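Peer 1: After the structure tokens below, expect a handful of questions from me.
The values are calculated or read from the model by the stated rules, or taken from the named source; none is laboratory data. Being a predicted model, the structure only gives us computed values, none of them experimental. Cβ placement follows ideal geometry from the backbone for every residue including glycine, while neighbour counts extend to all protein chains displayed.
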Amino acid sequence: MRFLHADPQKVVLIGILAALIVGLTFASPHFLSVTNFTNVLLKVAVIVIIASAANLLMVTGNFDLSVGSVLAFSGILHAYMSKHGVAIELSILITLIVAMGWGGLNALTVSVIGINPVIATVGTLFIARGFALLIARWDGGANIMLGLPRDFVDFGRDPVFGLIPLAIVVMVAAVGTFIFIEKKTALGRKAYAIGANLKSAKLSGINTVGIVSLLYVLVALFAGLSGVLQTSRVGLAAPTVGKGLEFDVIVAIILGGTSMLGGVGSTFGMLLGALVVGFTANGMVLLGIPFYFQTIAYGGILIGTLLLSRKFDAKAAA
Amino acid sequence: MNGQDENIIEIRGIEKSFPGVKALKGVSFGVKRGTVHCIVGENGAGKSTFIKILTGAQPATRGEIKLGGKPFSPHHVSDAIHQGISCLYQELNIVDELTVEENISLGQEKHKFLFPQKADNLEKAGAILADFDSTVSLGDRVGSLSVAQKQIVEITRALVAECSVLVMDEPTAALSLGETTKIMQVIERLREAGMTIIFISHKLSEIFEIGDTVTVLRDGEMVGTQSLEGMSQPDLVRMMLGKVVAEEYIPSTGARDQAVLEARGVSTRKLKDVNFDLMKGEILGFYGLLGAGKTEVAEVLFGHEYRGEIKRDGRVLRFRTERDALRAGFALVPEERREEGIFGLLSVMRNIPLMNLKTVMRRGLVSGKAERDLADKYIDLLQIATSGRNHPVALLSGGNQQKVVIAKCLNRDADIILMDEPTRGVDIGAKQEIHNIIRDLANKGKSVIVFSSELQEITGLCDRMVLMYDGMVRETLRNGDELSTDYILEVVAGKEA
């Protein structure tokens, strides 16, 4: 019962999730199936993998709007290298390192120099997207699809233990890793301290610049990893994927109870938030609700979560 | 009573309550027309609250104000301006991107079909402005002016609005010496022109230079209103600080003969050639009025830039950041508890180890048990009144928040502990407890520097005290029987030692 007492927002989310699942089970005969759940999870996985890291970044009071572009860039880079003869493993390694470079750029502008994260990471958003388009152009087309080696898609499509898609395994691992970081490591403790009071954190000797920088790099790393996973699974690298993904990530995080001002939030809450969004979207598709209503509902959820978040912030400030 | 001598403002029994605090407890005085009336008091005396009431930014809870014989109870700032009271706030209320002319007519534009028209009194504004400072013209962009010139623009705006009372809240706080002289001349001219000025400053020399009458506030109460003529600076300081009830001083038990810290010729923009030693096991107090430079000394010891030399155990220190200072064995209990000390959203348990996470790490990971034990240890040791270690620190009382900050600092196990206003906003009981903690630290061989604007705290607690005035160390005294609070007050009020 201490858990219930401690965090009403999580209880609400679990309630909503349960209601969605039960409701949709009755509303649609296609809902309760392994295939459908796998589809929902695959969709959610891209968001959750990135949001695991981005959640802790937001706990420090910062955020990253460039994740969608970094994902697209990484997918293209990986496809380009694989197509041009670089071994899959090496290509993935290089892609992830370059992705961390984008995080490094964000770290430099936001954390070291002190530019507002909205402006700085939107800058990265455009630059990374531009390079993604450029690499696709070098390859000679809009997308990279033809000529990808066999093992390129094998990596993304072979289920782990012949059972679970890799993206879902990575998602579980990412969530697990960040729950661990949040609960058991100095990094986690310091991230919360920075978000709760940056000035106190500095005066307490916490390396605020270093920790926020590290988190930006980690977020970019996970965005790159998502890019690789997505491209490999689909067997196609498009420079235009992931537009708006940054908002999916932020919505999941805020819905999960993390404050945009920092200091409050949890990885588990973020997971619940992402699942609520995922199942809502899935339900609307299954119920045949037209696309535009889905977009409207998504906007409604976004504003609703912000209101919810404000309410909780106000409570914390009181 | 003739027209010249009549009080332009009559203040009767003004009270102001905030939830849980009474900021003003019955203030009454009159302001004579055409005088410079000063209001002084230390932090928390109620000056800012009073100004806010006078300028319509906040309503009074009780009491009445008469302006020119008529009841005056402004509902908002523009109300007060219309009735003739304008205010120059500490933070300039002026738009850098606009021209002088636009700033002067800001908020007073006459509108025609929603479009602002040029104010018809610009000619007047130009004349007033030229009179004060011929180098400023109406077309200048305000961003290109100096702070003093910006203030002149604000004064001009107030004059154009035909105010009869001008409230100036620390107008010289951000000014250089030359600029201060200039503003003083402007005030002098305004007085000659029949304007009434209410002047708030913590620089006593300015009060004596420009003021006619002074009203002293202390802890929300009105101490008195007196003519400044024939009054001395120590008299005024005594009024400001009140009777100092000496807490019984118990010396720290250590030998206190080995210097752990030596500062020589430390200077910054504000500090001038500051020298002092800190002994092992000693409580050293820094005392001075607001703005004397105590906070700056604390800042220098915690990573701010300075010229001069600071030695720690004989080794010259050079640090650039707070982290360097921490590594050199310093820990700070900062002045602004909420902004710089606590992590309000986090629980007591999460706050305490943050200056030294190693104390809760076992084999590289945070141990929940170690965290709980540490929290329990300090809750018990410092008697922190909390409903539990998971209680957010923001919800504790001021005194208990301060204890959490001190616990965080103690857990650092630093050898030199800096405490900036360690008991500000803390109730009497907790204050005594915090003093006992500090003395305990010194007896265990730690060295503590206490920065305080409360003389009682300094004389009751510190083994030696450094008296500051205007960025300089005026005198260093040893605590003991023959200590005279009167003498200390004279020194910090600016008397040459």
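Peer 1: Return only the number of the condition from (1) surrounded by fewer than 20 Cβ atoms within 10 Å (Cβ to Cβ); (2) over 23 Å from the mean Cα position of the chain (by Cα) that A:Ala136 does not satisfy.
Peer 2: All conditions are met except number (1).
Peer 1: Moving on. Could you say whether any residue in segment B:313-323 is without any contact (Cβ under 8 Å) to a residue 40 or more places away in the chain, among the aliphatic types (A, V, I, L, M), surrounded by 21 or more Cβ atoms within 10 Å (Cβ to Cβ) and over 24 Å from B:Ser452 (Cα atoms)?
Peer 2: No, segment B:313-323 contains no residue that is without any contact (Cβ under 8 Å) to a residue 40 or more places away in the chain, among the aliphatic types (A, V, I, L, M), surrounded by 21 or more Cβ atoms within 10 Å (Cβ to Cβ) and over 24 Å from B:Ser452 (Cα atoms).
Peer 1: (1) in a helix (DSSP H, G or I); (2) within 14 Å of another protein chain (Cβ to nearest Cβ): which one isn't true of A:Gly224, the others all being true?
Peer 2: Failing condition for A:Gly224: (2).
Peer 1: Are any residues in segment A:184-205 part of a helix (DSSP H, G or I), at the interface with chain B (Cβ under 7 Å from one of its Cβ atoms) and touching a helix residue (DSSP H, G or I) at 6+ places or on another chain (Cβ under 8 Å), and if so, which ones?
Peer 2: A:Ala186, A:Arg189, A:Tyr192, A:Ala193, A:Lys199, A:Ser200, A:Lys202, A:Leu203
Peer 1: If you check B:Leu332, B:Leu374, which single one turns out to be at pLDDT 95 or above and either within 11 Å of chain A (Cβ to nearest Cβ) or at negative phi (or both)? First the steps, then the outcome.
Peer 2: Numbers: B:Leu332 fails: at pLDDT 95 or above.
From the options B:Leu332, B:Leu374, the qualifying one is B:Leu374.
Peer 1: Ok, one more. Has segment B:200-219 got at least one residue that is small (Gly, Ala, Ser), out of contact with any helix residue (DSSP H, G or I) (no Cβ under 6 Å at 6 or more places or on another chain) and free of Cβ contacts under 8 Å to residues at least 40 places away in the same chain?
Peer 2: No, every residue in segment B:200-219 fails to be small (Gly, Ala, Ser), out of contact with any helix residue (DSSP H, G or I) (no Cβ under 6 Å at 6 or more places or on another chain) and free of Cβ contacts under 8 Å to residues at least 40 places away in the same chain.
Peer 1: When you look at B:Ala148, is it farther than 22 Å from B:Met184 by Cβ, in a helix (DSSP H, G or I) and in contact (Cβ under 8 Å) with a residue 24 or more places away in the chain, yes or no? Show your work before the answer.
Peer 2: Numbers: farther than 22 Å from B:Met184 by Cβ: no; in a helix (DSSP H, G or I): yes; in contact (Cβ under 8 Å) with a residue 24 or more places away in the chain: yes.
No.
Peer 1: Could you count how many residues in segment B:336-356 are facing chain A (nearest Cβ under 7 Å) and of a type in the set (Val, Ile, Thr)?
Peer 2: 1
Peer 1: Answer yes if at least one residue in segment B:391-405 is among the hydroxyl-bearing types (Ser, Thr, Tyr), part of a loop (DSSP other than H, G, I, E, B) and more than 24 Å from the chain's Cα centre (by Cα), and no otherwise. Working first, answer last.
Peer 2: Taking segment B:391-405 as the starting set, the residues that turn out to be among the hydroxyl-bearing types (Ser, Thr, Tyr) are B:397.
Next, from what is left, pick out any that are part of a loop (DSSP other than H, G, I, E, B): B:397.
Keeping just the survivors that are more than 24 Å from the chain's Cα centre (by Cα) gives none.
Checked against the condition, which is being among the hydroxyl-bearing types (Ser, Thr, Tyr), part of a loop (DSSP other than H, G, I, E, B) and more than 24 Å from the chain's Cα centre (by Cα), segment B:391-405 yields no hits at all.
Peer 1: Now for a separate question. Restricting to segment B:1-60, and then to whatever is of a type outside the set (A, V, I, L, M), within 29 Å of B:Lys294 (Cβ to Cβ) and surrounded by fewer than 18 Cβ atoms within 10 Å (Cβ to Cβ), can you tell me which residue is modelled with the lowest pLDDT? Steps first, answer last, please.
Peer 2: The initial filter retains those residues of segment B:1-60 that are of a type outside the set (A, V, I, L, M), namely B:2-7, B:10, B:12-13, B:15-20, B:22, B:25-26, B:28-30, B:32-35, B:37-38, B:41-44, B:46-50, B:52, B:55-56, B:58-59.
Right, trim to within 29 Å of B:Lys294 (Cβ to Cβ) and you get B:16, B:18, B:20, B:22, B:25, B:37-38, B:41-44, B:46-50, B:52.
Going one step further and asking which of them are surrounded by fewer than 18 Cβ atoms within 10 Å (Cβ to Cβ), we end up with B:18, B:20, B:22, B:25, B:43-44.
Numbers: B:Phe18: 77, B:Gly20: 63, B:Lys22: 78, B:Lys25: 89, B:Asn43: 68, B:Gly44: 69.
Per the criteria, the residue is B:Gly20.
Peer 1: Do you know which of the residues in segment B:396-433 that are modelled with pLDDT under 90 and out of contact with any helix residue (DSSP H, G or I) (no Cβ under 9 Å at 6 or more places or on another chain) is farthest from B:Ala298 (Cα to Cα)?
Peer 2: B:Ile428
Peer 1: Which condition does B:Tyr306 not pass, out of (1) in contact with a Leu (Cβ under 8 Å, 6 or more places away or on another chain); (2) more than 10 Å from chain A (Cβ to nearest Cβ); (3) within 26 Å of B:Asn436 (Cα to Cα), if it passes all the others?
Peer 2: Single failed check for B:Tyr306: (3).
Peer 1: State the number of residues belonging to segment B:186-208 that are surrounded by fewer than 16 Cβ atoms within 10 Å (Cβ to Cβ) and either among the hydrophobic types (A, V, I, L, M, F, W, C) or more than 22 Å from B:Gly84 (Cα to Cα) (or both).
Peer 2: Going through segment B:186-208 one residue at a time, the tally reaches 2.
Peer 1: Report whether or not B:Ile384 is part of a loop (DSSP other than H, G, I, E, B) and crowded, with 24+ Cβ neighbours inside 10 Å. So that I can check it myself, show each step before the final result.
Peer 2: Working: part of a loop (DSSP other than H, G, I, E, B): yes; crowded, with 24+ Cβ neighbours inside 10 Å: yes.
So B:Ile384 passes the test.
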